[in-house]
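The values are calculated or read from the model by the stated rules, or taken from the named source; none is laboratory data. Not measured: the values here are computed from a predicted model. Virtual Cβ from ideal backbone geometry, glycine too; neighbours counted across all protein chains shown. Each accessible area value is taken on the protein alone, full model and side chains, heavy atoms only, with ligands, DNA and RNA left out. Shrake-Rupley method; radii C 1.70, N 1.55, O 1.52, S 1.80 Å.
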Amino acid sequence: MEAVLTHLRHAIERGDYVIGDKLPSEAELCRTLEVSRPVLREALRALQTMGLTVSKTGKGTFVIASTVEDPTFGDYAASDLLEVRRHVEIPVAGYAALRRTAENLDHLAHLLDRMEQETDTTAWVAMDTLFHLAVAEAAQNPVFRRIIEEIRDALARQSAFLNDLGGRREQSNREHRAIVEALVDGSQHDAVAAMAHHLDCVETTLTDIVRPGRTDILTEGRSEA
């Protein structure tokens, strides 16, 4: 899928397909690229997430941009999602370290064990969102959980995107483990640092996908936030 996505993305960026053009049909692309339809459809979904194309039911896929600016996950742009996550999830991890119960820790440990053993990406992504909900629950403030619930679909889409194109699952498991260890220790400082590191790694992987060689694309213009 990565190879197909790279091929189509480069074709759009170098002008083989310009804004307004319709991409060849799925059947034609499958023949030309010698891939299965499920693989092609994954690549087409990634193109749409990157904001390069739009799919119109019954009409096909059309180019709407020539460069990737800010991927969209569900209703939210990646930059907006990351900004909110930094302002919410980092302090939430600190509160969770101070307020977590034994039940919270057991739930998180169980989730971590399942995630580290899971081989199915879809199942892992679902548990990834559950993990962040569980950390919010451990903060003992229902408003925090409601905020994470609101962005849950976007988090799942982002997680799947990063796993497909960034191979982040094992690294993410390690980052999650560090967060839980800080909660077990009751260390607000370590929990905040672990969550901040996790979100830094998310940003780095996203930036590597969107703009290889750049490290500032998602936070550009947001230094005042």
One residue from L98, L130 being under 26 Å from V192 (Cα atoms), open to solvent by 60 Å² or more (accessible area, probe 1.4 Å), of a type in the set (A, V, I, L, M) and touching a Leu at 6+ places or on another chain (Cβ under 8 Å)
L130
Is it the case that some residue within region 183-195 is in contact (Cβ under 8 Å) with a residue 12 or more places away in the chain and on the phi > 0 side of the Ramachandran plot?
yes
What is the residue count in region 164-187 for residues that are open to solvent by 20 Å² or more (accessible area, probe 1.4 Å), within 18 Å of H132 (Cβ to Cβ) and in contact with a helix residue (DSSP H, G or I) (Cβ under 7 Å, 6 or more places away or on another chain)?
6
Residue within region 50-57 that is assigned to a helix (DSSP H, G or I), within 18 Å of L162 (Cα to Cα) and open to solvent by less than 90 Å² (accessible area, probe 1.4 Å) present:
no
Only one of these conditions is not met by L108: (1) touching a Lys or Arg at 6+ places or on another chain (Cβ under 9 Å); (2) crowded, with 21+ Cβ neighbours inside 10 Å; (3) without any contact (Cβ under 8 Å) to a residue 60 or more places away in the chain. Which number is it?
(3)
Can you find a residue in region 32-46 that is over 20 Å from P71 (Cβ atoms), open to solvent by 80 Å² or more (accessible area, probe 1.4 Å) and either in contact with a Cys (Cβ under 9 Å, 6 or more places away or on another chain) or among the hydroxyl-bearing types (S, T, Y) (or both)?
yes
In region 9-29, how many are of a type in the set (A, V, I, L, M, F, W, C) and surrounded by fewer than 18 Cβ atoms within 10 Å (Cβ to Cβ)?
4
Whichever residue in region 52-88 is of a type in the set (S, T, N, Q) and touching a residue at least 24 places away in the same chain (Cβ under 8 Å) and, among such residues, is farthest from H10 (Cα to Cα)
S79
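Suppose we filter V92, V68 for residues that are closer than 30 Å to K22 by Cα, open to solvent by less than 10 Å² (accessible area, probe 1.4 Å) and either in a loop (DSSP other than H, G, I, E, B) or not charged (D, E, K, R) (or both); which single one remains?
Exactly one of V92, V68 is closer than 30 Å to K22 by Cα, open to solvent by less than 10 Å² (accessible area, probe 1.4 Å) and either in a loop (DSSP other than H, G, I, E, B) or not charged (D, E, K, R) (or both), namely V68.
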Subset tally (residues that are at pLDDT below 90, outside any loop (DSSP other than H, G, I, E, B) and open to solvent by 10 Å² or more (accessible area, probe 1.4 Å)) for region 188-225
2
Count, please, the residues in region 113-127 that happen to be open to solvent by less than 30 Å² (accessible area, probe 1.4 Å) and over 18 Å from A156 (Cβ atoms).
0
Can you say whether A156 is within 21 Å of A178 (Cα to Cα), at pLDDT 95 or above and not aromatic (F, W, Y), as far as the supplied structure shows?
no
